[in-house]
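Q: Before I ask anything, here is the structure I am working with.
Coordinate-derived values only; no laboratory data. None of the values given here were measured: they were computed from a predicted structure. Cβ placement follows ideal geometry from the backbone for every residue including glycine, while neighbour counts extend to all protein chains displayed.
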Amino acid sequence: MNDRFVVVGAGTMGLGIAYVAAGAGFHVELVEVDRDRADAAMEKLDGLWQRAVERGKLTAAQADASRTRVLLRGDLAEVADGPDVIVEAVPERPDLKRSVLAAAEARQPALLASNTSSISIGSLADGLDRPERFAGLHFFNPVWAMALLEIVVGPATADETTAVAVALAGRLGKDPVVVRDLPGFATSRLGVALGLEAIRMVADGVASPADIDKAMVLGYRHPVGPLELTDLVGLDVRLDIARTLQQAYGDRFAPPPLLVEMVAAGRLGKKTGQGFYHWENGRRA
Ligand code: NAD
């Protein structure tokens, strides 16, 4: 262990992972190809540290110490060999991820990981020289607030690598689940199944979206109902996952016609202001 943690991609997830890793005492290198994105990420990180101090979660000295532990890099070639871990959090495109992982592997990390939410770890491991050191580390958004870390074990992932990932979860303050590399892992498969059934219930006229959600919140203690969650994630994102899962598991994951129609009409949820609910200024109206 040399306490070096590399994150590739400073988008929504990458900056969140960097924030948590710096808070856990790692020296973080955040690799981002897009200069504007890199600057925006550092601004966002500064805002997070400032808010943590205002809320009394960190002292000013702790926040400053975390800030000095995060360095921006424009390319993986600038990263010295042998970090403890490299996690890629670039967009969900298999070819892009494979090329980033190949460049990351050349830096010889003890653990190489992908934050993919749906691509098979086995398929991403194709072409790696040391697939036994590679696993999925599926963080949740926002990374600093979500306790879960889904560790995805590919066909070639070594037991020691899984053990390293579980230990890392503990150090990052996350509670891990270890899952096999099957489409949808544990989270997306179960979450999307519930979401799709809720959409079929809206189409069947069982109840209003608000009442279906309320039933799950009050009756099953879900923190948010499945339809509101679909609005938050994005109906287009859920439709893509449903189609992937339909290919893998058959028609029980067939997207309901209502979902397909809403996506075609541009009703994608919170990001477009309209989904199962109306959204104004980022809040459910
Ligand atoms: P994003 O688009 O916000 O960020 C991706 C970043 O990667 C961008 O800043 C982009 O410029 C950068 N990038 C692209 N190519 C690069 C390269 N070669 N080297 C360095 N940086 C590069 O995406 P995101 O929402 O953070 O998602 C990233 C990954 O995390 C995806 O695989 C996604 O499926 C997964 N994920 C996302 C969420 C979520 O809620 N957004 C949740 C869990 C997992």
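Q: Exposure proxy check: Lys97, Lys270, Lys214 ranked by fewest other beta carbons within 10 Å?
A: Lowest to highest Cβ neighbour count: Lys214, Lys270, Lys97.
Q: Further, regarding this structure: How much mean residue ellipticity at 222 nm does the chain get from its helices, if each DSSP H run of length 4 or more adds -39500 (n - 2.57) and you divide by all residues, to the nearest 500 deg cm²/dmol?
A: -14500 deg cm²/dmol
Q: Find how many whole Å separate the alpha carbon centroid of region 80-158 from the alpha carbon centroid of region 217-285.
A: 27
Q: Note down the relative contact order for the chain as a percent, whole number, built from C-alpha pairs under 8 angstrom at least six residues apart.
A: 12
Q: Sticking with this one: Starting from the 7 Å offset along Cα-to-Cβ, what nm value, one decimal, do you get for the label separation of Tyr249 and Asp64?
A: 5.1
Q: Based on the alpha carbons, how large is the Rg to Rh ratio for region 76-221 when Rh follows Kirkwood?
A: 1.08
Q: Still on this structure, I have one more. Can you tell me which of Leu101, Leu232, Leu218 moves the most in a GNM of the chain? Springs connect C-alpha atoms under 10 Å apart.
A: Comparing Leu101, Leu232, Leu218 in a Gaussian network model of the chain, the most mobile one is Leu218.
Q: Can you give me the three principal axis dimensions of region 187-275 from its C-alpha atoms, in Å, biggest first?
A: Between the extreme Cα coordinates on each principal axis of region 187-275 lie 34, 27, 24 Å.
Q: Can you list the equivalent-ellipsoid semi-axes of region 1-93, largest first and in whole Å, using the square root of 5 times each Cα gyration tensor eigenvalue? Provide the component values of the computation, followed by the final result.
A: Working: eigenvalues 92, 49, 21 Å².
Working through the eigenvalues yields semi-axes of 21, 16, 10 Å.
Q: Measuring from the lowest to the highest alpha carbon on each principal axis, how far does region 224-285 reach, largest first, in angstroms?
A: Extents along the principal axes, in whole Å: 38, 24, 14.
Q: Once both labels are modelled 7 Å past Cα along the beta-carbon direction, what's the Asn2-Asp34 spacing in nm?
A: Placing both labels 7 Å along Cα→Cβ, they lie 3.1 nm apart.
Q: Let me ask another. Taking just the C-alpha trace of the chain, give me its Rg and Dmax in Å.
A: For the chain, the Cα radius of gyration and maximum Cα-Cα distance read 19.8, 59 Å.
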